[in-house]
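Working notes for the structure below.
The values are calculated or read from the model by the stated rules, or taken from the named source; none is laboratory data. As the structure is a prediction and not an experimental result, all values here were calculated from the model. For neighbour counting, all protein chains shown are included, and Cβ atoms are generated from backbone atoms with ideal geometry for every residue, glycine included. These accessible areas exclude ligands, DNA and RNA; they are computed on the full protein's heavy atoms, side chains included. Shrake-Rupley method; radii C 1.70, N 1.55, O 1.52, S 1.80 Å.
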Amino acid sequence: MNPVEILVQYWPRLLDGTLMAIKLTLLGALIAAAVSPVFALVRVHAAPMAQAPLRIYVSFMRGTPILAQLFLIFYGSGQFRPLLQEWGLWSFFRDPFNCALLAFALNSTAYQTEILRGGILGVPRGEIEAAKAIGLSRLKTLRRVVFPHAYRIAWPALGNEVILLMKASALASVVTVFDLMGRTRQVFSKTFDFSVYLWAALIYLCITAIFVLLWRQAERRLSRHIGARNSPQATAQPLKETRA
């Protein structure tokens with residue numbers, strides 16, 4: 001079968017799988033983004049003993065394959081079915097999508113925590129001292145000084161993490177979540193035409209390219225004041241005032 005005919009005939013399935021892959025990636029990244037700032041603060045400021053459980057969690061998630069983590073959650077939860085039923089959680093864990101989302105969120109949280117920790121450590125100490133000097137509370141210092149600067153530092157690395165999560169979403173197909181790769185395997189099992197995998201690769205490439213463009217636009221927006229400060233117009237203005 002012609003590769004174009006493959007795309008024309010099966011594009012609804014590929015589109016459905018694409019939307020599922022985007023859904024898994026965005027939800028997993030957003031859940032991680034909501035939790036990782038708190039974990040990053042613990043990694044930076046908490047006592048070593050208080051950090052120990054979090055360090056073990058981060059080391060495990062970063063040191064083991066996400067496929068193994070997915071299997072542990074999806075197949076391992078069945079070993080604790082009576083306990084999960086007692087707690088009312090079995091309806092969550094018996095759904096493959098929920099298990100895949102949980103695995104991706106836990107994995108991304110570990111990476112985002114370490115990325116943000118590096119961003120927080122990169123905030124100049126003088127900015128924090130200046131915030132204290134003008135009377136800002138600890139919470140306001142975090143909200144107005146530390147996190148804005150930390151996210152600006154960590155933004156490129158966070159974008160790479162989301163891209164890696166997008167590519168890792170292809171693993172969800174092994175637990176019967178029909179994302180883009182799962183739909184691609186379905187189509188291949190019917191047609192035995194290898195070109196369907198090429199279309200899947202091109203779709204992943206297009207999604208990644210669009211994401212990179214949007215992420216870079218956001219990065220420019222976050223750093224627009226830096227560009228304005230370093231522009232020729234900005235540097236020429238003080239000279240005029242000096243001559244006057």
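Below is a table of values for the structure above.
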read-out: Accessible surface ranking that places the most exposed of Leu14, Leu26, Leu171, Leu139 first, with a 1.4 angstrom probe; value: Leu139, Leu26, Leu171, Leu14
read-out: Per residue accessible area in Å² of the chain, where ligands, DNA and RNA are left out and the probe is 1.4 Å; value: 59 Å²
read-out: Dipole magnitude of the stretch 1-125, debye to nearest 20 (Cβ charges: Lys/Arg +1, Asp/Glu -1, about Cα centre); value: 420 debye
read-out: Label-to-label distance, nm, for residues given as Ala157 and Ala218 (7 Å Cα→Cβ offset); value: 1.7 nm
read-out: Mean Cα-pair separation over length for the chain, i.e. relative contact order, pairs under 8 Å, 6 or more apart, %; value: 29 percent
read-out: The chain: calculated mean residue ellipticity at 222 nm from DSSP helix runs of at least 4, using -39500 (n - 2.57); value: -27000 deg cm²/dmol
read-out: Label point at Lys190 placed 7 Å out along Cα→Cβ; residues across the stretch 1-15 whose backbone nitrogen lies under 15 Å; value: 1-2, 5-15
read-out: Relative contact order of the stretch 1-130, defined on C-alpha pairs under 8 angstrom at six or more residues apart (%); value: 41 percent
read-out: Carbon + sulfur, % of accessible area of the stretch 50-130 - ligands and nucleic acids excluded, 1.4 Å; value: 64 percent
read-out: Against the rule of thumb 2.2 N^0.38 Å, how large the Cα Rg of the stretch 1-110 comes out; value: 1.40
read-out: Label-point gap, in nm, between Thr64 and Tyr197 - each point 7 angstrom along Cα→Cβ; value: 2.9 nm
read-out: Three-way shape label, the chain, alpha-carbon gyration tensor, a/c 1.5; value: oblate
read-out: Highest average packing first - 102-109, 203-210, 17-24, Cβ atoms within 10 Å; value: 102-109, 17-24, 203-210
read-out: Separation of the Arg81 and Ile56 label points, Cα + 7 Å toward Cβ, nm; value: 2.9 nm
